Amino acid sequence: MIALFCGVVIAGSGLVACSSDGTGGRGPDQQMEQPSGDPAKNPIAERYGAAPRVLADTDRSGIEVSELFFTDAPAAIIATPEPVAQQRAASIAVTAGLPVLTATGTNGPALAAEIERLGAGEVLTVGGAAVELPETVVVHADDGTPAVFEALTGKTPTSVTPENTPAGVLRQIAALKPGGLLGAAPTDPDVENAAGTDASAGETPSDSAPPSGGDLGRLPTRDRDKERAPLVLAAPGAGIAAVATARAAGADVEILDHADPRESEHSLELIRGLDGDPVIALGQMFGSTEYFARAAELATSVTAEQPGGGQLVFPGRRMIAYYGHPSGGALGIMGERTPEESVGHLGELVTQYAPLSEEPVIPAFEIIATVASGAPGPDGDYSNEADPEELRPYIDAITDAGGYAVLDLQPGRARLIDQAKIYTDLLKLPNVGLALDAEWKLGPDEVPLQQVGHVQAEEVNEVADWLAELTADNSLPQKAFVLHQFQLQMIRDRETINLEHPELAFVLHADGHGTAGDKFATFDVLRQDLDPRYFIAWKNFIDEDTPMFTPEQTMEINPRPWFVSYQ
């Protein structure tokens, strides 16, 4: 075997590392070579392309990220999926400038292929990872102690206590400096360390298995490319190996709370400051490359904002809404008062919710724009369409209060797209969204109240396509697109709804009423196989719920609803 590690003598608690022997290792005082000049002025490597893209990293192995960010590497790190092993591997990778790969248990051939592509002569396994590699690759096992970290990297470790949230851990990895060690081994010999052996800090237990392939020594490091890496975005759900590999390649990695480049003012500034440079998103939660590229484009072209700021409807705020129609209380609480009185009354409820949410809570009206009718009416569609000007006082009142309005369609036998277009001018306002109420979508021989209606996904897609285009053409911020449902049959082929519209926030509104048990039974059924890109909404029925949930009970629902309406 060809050893690229220099020798290490381990005796008791003593560990001595040799200096560079010319085979790729570095002496204790040697540092990784940095690009000359101002790195910010160096060009981005051509292999990254010019357009935004997503590396889905579906299996969280990090292979896809390694393939893009590393043309070669003298060594690589393979870790098991356990968080402590991932954090340890990330710390070593960032210090040594090497890629991290994850052994999932089923991806051995893919790992071996990536090691061969990299030309890596050395592999360090962390957390007991076992992968079949060619005999020409020297495999070493890390024992998880700070002393071995120092021997591997030439850096005295600075212990970093891992955060207790996924986003927090990713942010720590993105901010790691050479020598930073996440999840350092404990000093208590009775506590298991990262490698799963009992060891006090700086010691290797005498009965532990010796590293294979020779004595454990300094990892060969890889000089940073003189060309720059692009900006990288990640979010909770991204793999630790992916983030660490991008960071080890020299990329600036920004961890967002939500997988969208429009997530915050800071992320918007980053995208707007790219000046033609590409941006890479890590993780399938960012959607397809086409979706992400479109979202990045909107980040630069849209200037209008949501109530309270920002481009996204959620997760930047939660909404508490009154539901109803201007005609009066028979169709919901919103119509029981004048627009201004309803805003004031709703404000008291918003105040109760505010301390229960980490996000700002704003008022909202869900206004029934078209009302299902027991009579066919002049157009024969069993739906009465309100004049848009009849709805404006409520929209103006909620707008003045810093709130949001959603126009609800009860189409009867009408086509949803035809009814939506009646309210085009109102939907051109930045704080007005659209809701489809499938309960009142009827077949050609059906009438209201004789059955629960339903809508085909194809018709939902038709409205979504139109609303997304309207939003984009008018440079509007993202719009709420709400789908009401309390039976699975109400939205047929729901899995085929096209969610590839960054202009829209898709909201599933759970409308079940009755006892708490009844409501949760409906809620659980509706969420089965639901795409995680939907935001969840909940309805509290003032008369039909027994009893109606309090704000505290409503906000204890898991997942916590982003939109809560009262009817």
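The values are calculated or read from the model by the stated rules, or taken from the named source; none is laboratory data. Worth saying up front: this structure is predicted, and the values here are computed from it rather than measured. For neighbour counting, all protein chains shown are included, and Cβ atoms are generated from backbone atoms with ideal geometry for every residue, glycine included.
Quick rundown of the values:
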| quantity | calculated |
| --- | --- |
| Identity of the residue in region 128-166, part of a helix (DSSP H, G or I) and small (Gly, Ala, Ser), that ends up farthest from Pro83 (Cα to Cα) | Ala151 |
| For Leu312: the one exception among (1) modelled with pLDDT of 95 or more; (2) within 30 Å of Glu390 (Cα to Cα); (3) not in a loop (DSSP other than H, G, I, E, B) | (3) |
| Subset of region 89-128 [charged (D, E, K, R), within 14 Å of Glu64 (Cα to Cα) and surrounded by fewer than 17 Cβ atoms within 10 Å (Cβ to Cβ)] | Arg117 |
| One residue from Gly402, Gly412, Gly377 being surrounded by fewer than 19 Cβ atoms within 10 Å (Cβ to Cβ), at pLDDT below 95 and in contact with a strand residue (DSSP E or B) (Cβ under 8 Å, 6 or more places away or on another chain) | Gly377 |
| Top-ranked residue in region 29-44 [being surrounded by 13 or more Cβ atoms within 10 Å (Cβ to Cβ) and hydrophobic (A, V, I, L, M, F, W, C); ranked as modelled with the highest pLDDT] | Ile44 |
| Count of residues meeting criterion [buried (at least 23 other Cβ atoms within 10 Å of the Cβ), among the hydrophobic types (A, V, I, L, M, F, W, C) and in contact (Cβ under 8 Å) with a residue 60 or more places away in the chain] in region 71-88 | 4 |
| In region 320-338, the residues that are surrounded by 22 or more Cβ atoms within 10 Å (Cβ to Cβ) and under 25 Å from Pro360 (Cβ atoms) | Ile320, Ala321, Tyr322, Tyr323, Gly324, Gly332, Met334 |
| Residue identified as under 29 Å from the mean Cα position of the chain (by Cα) and at pLDDT below 95 among Arg26, Arg53, Arg88, Arg47 | Arg47 |
| Pick from region 507-533, criterion within 30 Å of Ser475 (Cβ to Cβ) and without any contact (Cβ under 8 Å) to a residue 40 or more places away in the chain, ranking: surrounded by the fewest Cβ atoms within 10 Å (Cβ to Cβ) | Asp531 |
| Qualifying residue in region 467-490 (condition: aliphatic (A, V, I, L, M), surrounded by fewer than 14 Cβ atoms within 10 Å (Cβ to Cβ) and at negative phi) | no |
